[in-house]
Amino acid sequence: MGLKSTQDRYGAVAIAIHWITAAMIVALIALGLNAASATDDSARRALLLPHIALGLLTLALTLFRIAWWAFADRKPARPAGVPLVQLRIAEIVHMLIYAAIIALAASGIATNVVGGVIAALTSGTPIPDLDALAPRQAHGLLARLFLLLLTIHIAAALYHHFVRRDGLLARMGIGKART
């Protein structure tokens with residue numbers, strides 16, 4: 001498999017970006033949910049530090065992914081036999097996922113700045129209550145929207161794999177392509 005995509009399959013760079021981002025998002029969800037429910041400041045601190053770092057890395061990787069598609073690679077051809085409406089929905093969901101990742105990062109950064117989180121983390125003072133802050137509320141709402149988009153994305157992938165059995169996941173490195 002080459003670095004760039006072919007007509008039938010994503011390249012190594014696109015596949016690596018996808019699965020690394022997916023793993024980081026799973027970690028971000030776990031860290032974020034646990035940080036939001038943590039009552040002890042030291043626990044919140046221990047969860048927020050990697051959450052912030054992974055959030056920034058996920059933003060950087062997403063921006064790299066967008067640049068990769070815009071300037072360095074092309075996506076494989078649309079899969080044959082998939083109705084146009086499903087292809088359009090997939091395109092919209094993918095765009096919304098990218099937008100949600102960027103918006104989540106922006107609202108997370110804004111929460112940290114407005115809420116004084118970075119100052120608290122670096123000085124060792126208690127992390128302030130962030131729940132009433134508008135950027136934190138937006139972050140929570142965006143996280144729920146993102147989970148919905150992620151559920152749609154995963155459900156569609158499983159539909160293609162188990163119902164249609166069209167080998168679509170093989171394009172992203174899972175399983176064997178249809179012959």
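The values are calculated or read from the model by the stated rules, or taken from the named source; none is laboratory data. Fair warning: this is a prediction, and the values are worked out from it, not measured in the lab. Cβ coordinates were reconstructed from backbone atoms using ideal geometry, including for glycine residues, and neighbour counts include every protein chain displayed.
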(request) Go through (1) closer than 30 Å to Q137 by Cα; (2) surrounded by fewer than 14 Cβ atoms within 10 Å (Cβ to Cβ) one by one and return the number of the condition R88 breaks. (result) (1)
(request) Name the residue, out of A138, A106, A67, that is surrounded by 17 or more Cβ atoms within 10 Å (Cβ to Cβ), modelled with pLDDT of 95 or more, within 20 Å of the chain's Cα centre (by Cα) and on the phi < 0 side of the Ramachandran plot. (result) A138
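Matching residues to (1) farther than 30 Å from D166 by Cβ; (2) polar (S, T, N, Q); (3) assigned to a loop (DSSP other than H, G, I, E, B):
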site: L56; (1), (2), (3): yes, no, no
site: R78; (1), (2), (3): no, no, yes
site: Q86; (1), (2), (3): no, yes, no
site: H94; (1), (2), (3): no, no, no
site: A120; (1), (2), (3): yes, no, no
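Mind checking whether some residue in region 63-84 is of a type in the set (D, E) and touching a helix residue (DSSP H, G or I) at 6+ places or on another chain (Cβ under 7 Å)?
Checking region 63-84: at least one residue is of a type in the set (D, E) and touching a helix residue (DSSP H, G or I) at 6+ places or on another chain (Cβ under 7 Å).
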(message) Criterion first (at pLDDT below 95 and of a type outside the set (S, T, N, Q)) does R78 satisfy it?
(response) yes
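Just to verify a result, which residue in region 1-52, among those that are charged (D, E, K, R) and in a helix (DSSP H, G or I), is surrounded by the fewest Cβ atoms within 10 Å (Cβ to Cβ)?
Among those residues, the one meeting the criterion is D41.
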(message) I'm told I127 meets every condition in (1) surrounded by fewer than 16 Cβ atoms within 10 Å (Cβ to Cβ); (2) outside any helix (DSSP H, G or I) except one. Can you identify the failing condition by its number?
(response) (1)
(request) For A27, indicate whether it is touching a residue at least 12 places away in the same chain (Cβ under 8 Å) and touching an Asp or Glu at 6+ places or on another chain (Cβ under 7 Å). (result) no
